[in-house]
Amino acid sequence: MHTREEKLEAFGRLIDVLDTLREKCPWDRKQTNESLRPNTIEETFELCDALMKDDKQNICKELGDVLLHVCFYALIGSETGDFDIADVCNKEADKLIFRHPHVYGNVKAETADQVTENWEQIKLKEKDGNKSVLAGVPASLPSLIKAYRIQDKARNVGFDWEDKGDVWAKVHEELEELEAELRREDKEKSTEELGDFLFSVINAARLYHLNPDNALEHTNQKFIGRFNYIEEHSIKAGKPLTEMSLDEMDKLWNEAKKQEKVNEK
C-alpha cells in the first residue's frame, strides 16, 4: 500500500491531468454539469456492478471513474468561482467531524446502531441540514432503496416495531389485501395494495438486517444465468425458445440449478 505522501501526490496528479484536459481537449472543454450528469449515473452503476461481483480490479477502475467525475464537477465549480476541490474536501471533513462527536467529542456511542441514531439527530440540528427526518432521502432514489431508507430513518427516531417478529402479521395482512383486490380485478386498488405489500416485505428485510436491493439483484443475476443456460442449449439444439415447450424449458432450468451447485463446490 502507498504512503500518505504518495496518495496525496497521486491525487494531485489526477487534478493536474484534469486541468490539462479541460484546457486542451475539445470534449473536456465543452462539458457542463448537465452534460456530465448522465455519464456520472452510468459510472456509478458500473461501480455498483463491480461491487456486486466483488471484482477487485474493476472496483479500483470504476472508483477512479467516479472520482474523476467528482473532481470534474469541482473544477467546473472553481471556474464559476463557487467552490473548488479543496472546498469539497474541507466541507466533507468538517461534516464528518461534526457528525462523529463520539470520536471528536465527548459523546459516547458503543454500537453502530447508536452511531446511526446520533447521526440522524445531529443532521436535524445542523444549520443547513435536513428540516425533517425524511427530507434527506433523495427523491430520485430507486423506489426499493428509497423505501428502505425512509423506514431506516423513521427507526432512528423510534418509529419502528418493538418486536421484529410482529412485522410478519403486517406482511400477511398486506398480502391478503392485495389478493382481495386482484380477485376484484380492480387495477388501481391492486397497484396500491401491491405497493403496500412490497413496502412491508422491505420493512421485514430491514428488521432482519437483510439488504433487499442486494437480495433482489442476486436473484436477478441468478435468473439471468439460468435463462441464458436455457437459451444456449436451445441454440445448440437448433430449436428457438419460442418453439420449446414449458416442460422442456423447465428441464433445462433445473439442469442450470444443478450446475450452480456443482460450481459452488
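The mean sequence separation of alpha-carbon pairs under 8 Å and at least six residues apart, normalised by the residue count of segment 112-234, gives a relative contact order of 22 percent. One equal scatterer on each Cα of segment 185-238, no solvent, Debye formula: the resulting log10 I(q)/I(0) at q = 0.18 Å⁻¹ is -0.75.
For segment 25-95, the alpha carbon positions stretch 40, 35, 18 Å along the principal axes, listed from largest to smallest. Qualifying trypsin sites (Lys or Arg not before Pro) in segment 72-109, where qualification requires a DSSP coil assignment and no more than 15 other C-beta atoms within 10 Å, comprise 108.
For the chain, the longest principal axis of the alpha carbon atoms and the long axis of helix 246-264 meet at an angle near 50°. Reported to the nearest whole Å, the Cα centre-to-centre distance from segment 58-88 to segment 175-213 is 40. Remark: segment 1-52 carries 81 Å² of accessible area per residue (probe radius 1.4 Å; ligands, DNA and RNA excluded).
Ignoring aspartates and glutamates fewer than eight residues from residue 24 along the same chain, the ones with Cα atoms less than 15 angstrom from its Cα are 16. Reachable lysines from residue 108, Cα under 20 Å, same-chain residues fewer than 8 places away excluded? Within the straight-line limit of under 20 Å, residue 108 reaches these lysines: 95, 123, 125. Protein heavy-atom accessible surface, 1.4 Å probe, per residue over segment 150-265: 72 Å². In straight-distance terms, cross-link reach from residue 239 covers every one of the aspartates and glutamates whose alpha-carbon lies under 20 Å from its own, apart from those fewer than eight places away in the same chain; here that gives 231, 247, 248, 250, 255. With all protein chains in place and a 1.4 Å probe, the accessible surface of segment 103-215 carries 54 percent carbon and sulfur.
Relative contact order, whole percent, for the chain stands at 9, derived from Cα pairs under 8 Å and 6 or more residues apart. Pairs from the list 222/261; 30/61; 53/222; 222/257 with a Cα-Cα gap above 19 Å: 30/61.
For segment 162-218, the list of GluC sites (Glu not before Pro) that fall in a loop by DSSP and count at most 11 other C-beta atoms within 10 angstrom reads 162, 185. When you filter the chymotrypsin sites (Phe, Trp or Tyr not before Pro) in segment 171-249 for DSSP loop state and at most 14 other Cβ atoms inside 10 Å of their Cβ, you are left with 208.
Every Cα-Cα pair in the chain was counted, and those over 22 Å apart are 74% of them.
The values are calculated or read from the model by the stated rules, or taken from the named source; none is laboratory data. In this text the structure is predicted, and so the values were computed from the model without any measurement. Note that each Cβ is placed from the backbone with ideal geometry, even for glycine, and that neighbours are counted across all protein chains shown. Ligands, DNA and RNA are excluded from the accessible area calculation, which covers all protein heavy atoms including side chains. Shrake-Rupley method; radii C 1.70, N 1.55, O 1.52, S 1.80 Å.
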